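Quick notes on the structure that follows.
The values are calculated or read from the model by the stated rules, or taken from the named source; none is laboratory data. Because the structure is a prediction, the values reported are computed rather than measured. Cβ sites come from the backbone with ideal geometry, for glycine too, and all protein chains shown count toward neighbours. When the accessible area is computed, the model is the full protein with side chains, heavy atoms only, and any ligands, DNA or RNA have been set aside. Shrake-Rupley method; radii C 1.70, N 1.55, O 1.52, S 1.80 Å.
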Amino acid sequence: MKKRVGVLALQGAFREHRQVLEQLGCDVVEIRKVSDLEGIHGLIIPGGESTTIGKLLNIDGMGEEIKELAAKDLPIFGTCAGMILLSKTIIDSDQYRLNLMDTIVERNAFGRQVASFETDLMVSAMGPNPLRAVFIRAPFIREVAPNVGILAEYDGKIVFARQGNLLASAFHPELTPDQRVHQYFLDMIDEYWAH
Amino acid sequence: MTDIGSLKVKTGLAEMLKGGVIMDVTTPEQAIIAEEAGACAVMALERVPSDIRAEGGVARMADPTIIKSIMDVVSIPVMAKARIGHFVEAQILEALGADYIDESEVLTPADDAYHINKHDFKVPFVCGCRNLGEALRRIGEGAAMIRTKGEPGTGNVVEAVRHMRTVMSDIRALTVMPKEELMSAAKNMGAPYELVAYVAEHGKLPVVNFAAGGIATPADAALMMQLGVDGIFVGSGIFKSGDPKARAKAIVLATTHYKDAKLLAEISADLGQPMSGIEISTLAESQRMQERGW
């Protein structure tokens with residue numbers, strides 16, 4: 001099956017996700033309006049500004065439509081701003097969110113841009129070699145409910161997690177040549193559509 | 001190995017701003033309006049470009065109190081401007097925790113021959129350009145993001161259009177150039193050879209490129225997006241208009257949906273007075289900010 005993967009293209013680094021997915025053999029749809037969601041096998045919510053993307057999601061009912069897809073267990077992967085938007089709780093913020101993952105997220109949790117960094121991250125689900133992970137004004141997950149699996153921590157902070165068919169990373173796998181994280185998400189899509 | 005402030009995280013923040021609007025603000029109240037409207041970042045300033053133009057005198061980095069008070073009230077990135085070549089203003093902005101520094105021709109240049117060595121900093125820089133050579137010189141000095149210069153504070157988009165078209169046509173010319181001609185091209189445009197070779201191979205700049213200078217309406221923003229920029233700076237265009245809230249929101253929407261003419265028609269309606277503009281030919285050469293930069 002040729003996978004048809006949507007990348008939310010309201011604002012942010014959607015082009016980089018598109019490139020990785022195309023290299024991995026997917027058809028990619030840039031999602032700007034509700035009708036673009038039709039027929040996708042999975043959805044990526046990219047990095048960007050979570051307040052900006054949230055406002056744009058909340059204008060024409062796109063957010064509600066994505067929630068309905070999530071209720072049917074459609075695989076959704078959020079990176080950075082995407083992770084914030086997936087979370088049910090965002091510390092000190094009442095901004096719009098999709099309210100899907102049982103996580104408590106803290107925004108800009110490592111500090112302002114001058115504290116942004118890249119590092120080697122061990123993710124056992126990705127094999128023995130570390131991932132080069134890029135953190136930009138990144139959030140982390142302060143707490144997860146028992147139904148959320150922790151895939152990676154950095155400095156004792158949760159930066160990669162999965163809850164059913166929802167996947168969230170605080171870092172940006174689309175900015176490095178390593179495709180293992182995207183492949184992991186595509187495997188989730190395969191599993192889902194095999195049933 | 002952990003690397004703070006690497007080129008990857010500097011250019012990476014600009015990647016995250018793509019498809020968004022960065023708005024000039026001079027007070028915390030304006031910053032909140034910008035964030036509420038969906039701005040992906042704000043530029044903290046003492047005066048917007050049209051006021052700098054009107055009032056004259058030397059325009060400098062904003063008072064740190066203004067920048068801090070704006071950083072306190074918004075969660076989106078806060079940028080600030082330093083004068084061309086004024087590396088101490090840049091050091092101060094970095095120490096304040098500004099998320100991006102605009103080494104900007106809107107302020108009065110502090111050095112009439114050299115720009116800041118931006119590799120020295122952990123905070124990323126954005127710089128203006130009128131053509132590819134200027135863009136690549138700034139990237140060679142360490143800029144992690146580029147924008148057109150346009151003609152700031154005029155509400156007239158013609159110069160931004162000219163600069164964007166020039167950059168794009170310079171890029172296209174390189175992509176069809178035989179390799180042996182690239183060194184001469186680098187010499188002629190005054191740009192580092194390695195960056196010229198990169199552009200020739202990839203057909204694009206190595207960093208994100210935004211539009212700035214004269215954008216006043218949603219249609220202006222969509223025009224620049226259709227010409228191929230990655231996002232939009234709006235300076236005087238919002239808070240010098242009749243209804244800043246509505247206009248800010250509309251420009252954000254137009255930047256996302258820049259190809260959807262039907263939607264643009266709805267977005268453009270009932271926004272009140274745009275800022276009054278200035279015809280470029282009425283500006284004396286000495287009043288043209290775009291000539292600043294070397």
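Give the long-range amide H neighbours of A:Ile158: residues separated by 5 or more places, or on another chain, with amide H under 5 Å away, using H modelled in the peptide plane at 1.01 Å from N.
The list, which skips near neighbours in sequence, is A:Ile141.
Would you mind computing, in nm to one decimal, how far apart the modelled labels at A:Asn129 and B:Lys187 are, each placed 7 Å from Cα along Cα→Cβ?
The two pseudo-label positions are separated by 4.3 nm.
Pairs of alpha-carbon atoms within less than 8 angstrom and 6+ residues apart define the contacts here; what relative contact order does chain B have, in percent? Before the final figure, lay out each step's value.
On the way: 628 pairs, mean separation 57.1, N = 294.
Result for chain B is 19 percent.
Where the accessible area of chain B is counted over protein heavy atoms with a 1.4 Å probe, how much of it, in %, is carbon and sulfur? Each step should come with its number before you reach the end.
Working: 5890 of 11350 Å².
Exposed carbon and sulfur together represent 52 percent of the surface.
Karplus couplings for segment A:55-72 from phi (6.51 cos²θ - 1.76 cosθ + 1.60, θ = phi - 60°), rounded to Hz, Gly and Pro as x?
4, 5, 5, 8, 7, 10, x, 4, x, 5, 5, 5, 4, 5, 5, 5, 5, 8
So for segment B:26-180, taking the charge dipole from beta-carbon charges (+1 Lys/Arg, -1 Asp/Glu), which of B:Val42, B:Asn131, B:Thr26 sits furthest toward the positive end?
B:Asn131
For chain A, what class follows from the C-alpha gyration tensor (a ≥ b ≥ c being the square roots of its eigenvalues): rounded when a/c is under 1.5, otherwise prolate if a/b is larger than b/c, else oblate?
Details: a/c = 1.40, a/b = 1.13, b/c = 1.24.
Here chain A falls in the rounded category.
Just to be sure I understand: with springs between alpha-carbon atoms less than 10 Å apart, which residue in B:Ala211, B:Ala144, B:Ala185 has the highest mean-square fluctuation in the Gaussian network model of chain B?
B:Ala185
Just tell me how shielded A:44-57 is by partners: mean number of partner chain Cβ atoms within 10 Å of each residue's Cβ, no decimals.
5
Using Cα pairs under 8 angstrom and six or more residues apart, how large is the relative contact order of segment B:1-135, in percent? Please report the intermediate quantities before stating the final value.
On the way: 221 pairs, mean separation 28.9, N = 135.
Answer for segment B:1-135 is 21 percent.
Please work out whether the protein assembly as shown counts as rounded, prolate or oblate from its C-alpha gyration tensor, where a ≥ b ≥ c are the square roots of the eigenvalues and a/c under 1.5 means rounded, while otherwise a/b larger than b/c means prolate and anything else oblate?
Prolate.
When chain B is treated as a GNM, springs tying every alpha-carbon pair under 10 Å, which of B:Lys204, B:Lys18, B:Lys262 comes out with the largest mean-square fluctuation?
Residue with maximal mean-square fluctuation among B:Lys204, B:Lys18, B:Lys262: B:Lys262.
Can you compute 3J(HN,Hα) from phi for each residue in segment B:41-54, using the Karplus curve 6.51 cos²θ - 1.76 cosθ + 1.60 with θ = phi - 60°, rounded to whole Hz and x for Gly and Pro?
6, 10, 10, 7, 9, 7, 9, 6, x, 5, 6, 4, 4, 6
In whole Hz, what ³J(HN,Hα) sequence does segment A:84-101 give by Karplus (6.51, -1.76, 1.60; θ = phi - 60°), x for Gly and Pro?
5, 5, 6, 6, 7, 10, 10, 4, 6, 8, 10, 4, 4, 8, 7, 6, 10, 9
With +1 on each Lys and Arg Cβ and -1 on each Asp and Glu Cβ, how big is the dipole of segment A:67-123 about its Cα centre, in debye rounded to the nearest 20? Walk me through the numbers on the way to the answer.
Details: 6 positive and 8 negative charges, 34 e Å.
So the magnitude is around 160 debye.
What average count of beta carbons from other chains do you get within 10 Å of the Cβ of residues in A:116-125? Working shown, then result.
On the way: counts 13, 8, 10, 4, 3, 0, 0, 0, 0, 0.
That works out to 4 on average.
Could you give the Stokes-Einstein D for segment A:51-93 in µm² per second, using the C-alpha Kirkwood radius, 25 °C, 0.890 mPa s? Each step should come with its number before you reach the end.
Values: Rh = 11.2 Å.
So the translational diffusion coefficient is about 220 µm²/s.
List the pair-distance distribution P(r) of segment B:131-193, using every Cα-Cα distance, as the percent of pairs falling in each 10 Å bin from 0 up to the bin containing the longest distance, rounded to whole percents.
Taking all Cα pairs of segment B:131-193, the binned fractions are 21, 46, 27, 6, 0 percent.
Shape verdict for segment B:38-89, please, from the Cα gyration tensor: rounded (a/c under 1.5), prolate (a/b greater than b/c) or oblate.
Prolate, because a/c is 1.5 or more and a/b exceeds b/c.
If you put +1 on each Lys and Arg Cβ and -1 on each Asp and Glu Cβ, how big is the dipole of the protein assembly as shown around its Cα centre, in Debye rounded to 20?
Working: 50 positive and 64 negative charges, 89 e Å.
Dipole of the protein assembly as shown, to the nearest 20 debye: 420 debye.
Using only the alpha-carbon atoms, what does segment B:1-152 span along each of its principal axes? Please give whole angstrom values in decreasing order.
Projected onto its principal axes, the Cα set of segment B:1-152 covers 41, 36, 28 Å.
Along the charge dipole of segment A:1-131, pointing to its positive end and built from +1/-1 on Cβ of Lys, Arg, Asp and Glu, which listed residue (A:Gly82, A:Gly111, A:Val34) has its Cα farthest out?
A:Val34
How many Å² of accessible surface get buried when A and B come together, counting both sides, probe radius 1.4 Å, rounded to the nearest 100?
Numbers: alone 8840 and 12820 Å², together 18680 Å².
Using a 1.4 Å probe on protein heavy atoms, the buried area is about 3000 Å².
Roughly speaking, what is the centre-to-centre gap between segment B:112-140 and segment B:69-95 when only Cα atoms are used, to the nearest Å?
If you average the Cα positions of each part, the centres end up 16 Å apart.
Between B:Thr108 and B:Val158, what FRET efficiency follows from the Cβ-Cβ distance if R0 is 22 Å, with the result rounded to 0.05? If you can, show how the numbers build up before the last one.
On the way: r = 24 Å, r/R0 = 1.08.
Once the sixth-power term is evaluated, E becomes 0.40.
Roughly how crowded by other chains is peptide B:15-25, in terms of the mean Cβ count from those chains within 10 Å of each of its Cβ atoms?
Values: counts 13, 15, 6, 10, 14, 8, 2, 0, 0, 0, 0.
Counting Cβ atoms of other protein chains within 10 Å of each residue's Cβ and averaging gives 6.
Distance between the C-alpha centers of segment A:1-54 and segment B:1-41? Whole Å please.
Each part's Cα centre sits 21 Å from the other's.
At a threshold of 8 angstrom on Cα-Cα distance, excluding pairs fewer than six apart, so keeping six or more, what relative contact order does chain A reach in percent? Don't jump to the answer; show the numbers that get you there.
Values: 410 pairs, mean separation 35.8, N = 195.
Reported relative contact order: 18 percent.
Work out the length of the dipole vector of segment A:1-149 about its Cα centre, built from +1 on the beta-carbon of each Lys and Arg and -1 on the beta-carbon of each Asp and Glu, and round it to the nearest 20 debye.
On the way: 17 positive and 19 negative charges, 41 e Å.
Using Cβ point charges on Lys, Arg, Asp and Glu, segment A:1-149 gives about 200 debye.
Just grab the label-to-label distance for A:Asp27 and B:Ile32, each label 7 Å out from Cα along the Cβ direction, in nm (one decimal).
4.8 nm
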